[in-house]
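To keep things clear, I will list the structure first and then write my remarks on it.
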Amino acid sequence: MGRLADIMKSHHGMTIAEDQERMLMSDLHAIMKVNETMNLTRILSEEGGMVLHLEDSLAGLPYVQDAPDGLYGDLGTGGGFPGIPLCIMTGRKTLLVDSVQKKVRALQGVASDLGLGDKVDIYAGRIEDLALERPGEFSVLTARALSSLGSLMELASPLLKKRGRLVCYKAQPSDDEIEVALGIQELVGLRLLSKDDFSLSDGSTRCIFVFEKAADPRIRLPRRIGMAQKDPLRPRH
């Protein structure tokens, strides 16, 4: 058992096959190589990347596996985490979404080199534009350290099919952030399924929120580009 497989088994009760571990480590090494000429990640060591990218990404695997079959999208994918690791583990058709074109082009090259060219596609643009082009097409979406929960719910809702899932990776969200998210559930047509707190092997704490598309939103979505962050929705009292 390799180091990553040992971490996932001992800290998360998750089993990783040898070939999966090889691909995951190859992904990390490839991203580190690209990072020498392009800013994909601030984490420069293999050990740091194994914990803060791979282990953190894989912590969301059970929630993605639990989602309905179908297309998976990683919003604001950055260095391809958790998108590529979750594609490796689930075999789902995956769309990596980021507004920085050179980043997603580099990730497409990495995915192709890993033998995932038929599974991984890219979208270089804004999430709001993707929602206009591909409404209701996604069974599951992930967002890792991207925006506030309320903004993510607003952005994800028009992309998700009914009963589709939004899996949000957070560090330690404030009580206000959580209160806003819970207060706009009906407005955006999502409902909270679970909130799970856990620790990574280095002791850092994380939280994963899972929302389900329960109904059509009560407002027209998507709003104009940037509105979800600049003028976030608030609960209606």
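Some values worked out for this structure:
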{"item": "Per residue value of the accessible surface for the chain (all protein chains in place, 1.4 Å probe), Å²", "result": "46 Å²"}
{"item": "Gain upon complete extension [ARG126, ALA145; 0.36 nm per residue less C-alpha separation]", "result": "5.2 nm"}
{"item": "Gain in span if fully extended, ARG234 to GLU46, counting 0.36 nm per residue against the direct Cα distance", "result": "63.6 nm"}
{"item": "Size of charge dipole - region 17-80 - debye, nearest 20, with Cβ of Lys, Arg +1 and Asp, Glu -1, no other charges", "result": "300 debye"}
{"item": "Residue-span extension gain [THR15 to SER194] - 0.36 nm each, minus C-alpha spacing", "result": "62.2 nm"}
{"item": "Between helix 101-113 and the chain: long-axis angle, C-alpha atoms, 0 to 90°, nearest 10", "result": "50 degrees"}
{"item": "C-alpha long axis of helix 18-34 to longest principal axis of the chain, angle in °", "result": "80 degrees"}
{"item": "Lys pairs under 16 Å by Cα in the chain, provided they are eight or more residues apart or on distinct chains", "result": "8"}
{"item": "Net charge over other residues, Cβ less than 10 angstrom from the Cβ of CYS207 (K, R count +1; D, E count -1)", "result": "+1"}
{"item": "Estimated FRET transfer efficiency (GLU36, MET227; beta-carbon r; R0 45 Å; 0.05)", "result": "0.80"}
{"item": "Enclosed volume per residue, in Å³, of the convex hull spanned by Cα atoms of region 82-200", "result": "118 Å³"}
{"item": "Pairwise FRET efficiency - CYS207 versus ARG22, Cβ, R0 = 30 Å, nearest 0.05", "result": "0.50"}
{"item": "Region 1-96: trypsin sites (Lys or Arg not before Pro) in DSSP loop, at most 11 other beta carbons within 10 Å", "result": "ARG42"}
{"item": "Net charge dipole size for region 1-127 [Lys, Arg +1 and Asp, Glu -1 on Cβ; Debye, nearest 20]", "result": "420 debye"}
{"item": "Accessible surface of the chain [probe 1.4 Å, protein heavy atoms]: carbon and sulfur percent", "result": "46 percent"}
{"item": "Ratio of Rg to Rh over the chain (Cα coordinates, Kirkwood Rh, two decimals)", "result": "0.95"}
{"item": "Ordering of 102-110, 190-198 by packing [mean C-beta count within 10 Å, highest first]", "result": "102-110, 190-198"}
{"item": "Angle between the chain longest axis and helix 3-12 axis [Cα atoms, degrees, rounded to 10]", "result": "40 degrees"}
{"item": "Between region 11-58 and region 59-73, the alpha-carbon center distance in angstrom", "result": "19 Å"}
{"item": "Computed FRET value (nearest 0.05) for ALA171 with ARG105, which takes r as the C-beta separation and R₀ as 25 Å", "result": "0.30"}
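The values are calculated or read from the model by the stated rules, or taken from the named source; none is laboratory data. Worth saying up front: this structure is predicted, and the values here are computed from it rather than measured. Please note: Cβ atoms are built from the backbone with ideal geometry, for glycine as well, and neighbour counts cover all protein chains shown. Quick note on the areas: whole protein, heavy atoms, side chains included, nothing else; ligands and nucleic acids left out. Shrake-Rupley method; radii C 1.70, N 1.55, O 1.52, S 1.80 Å.
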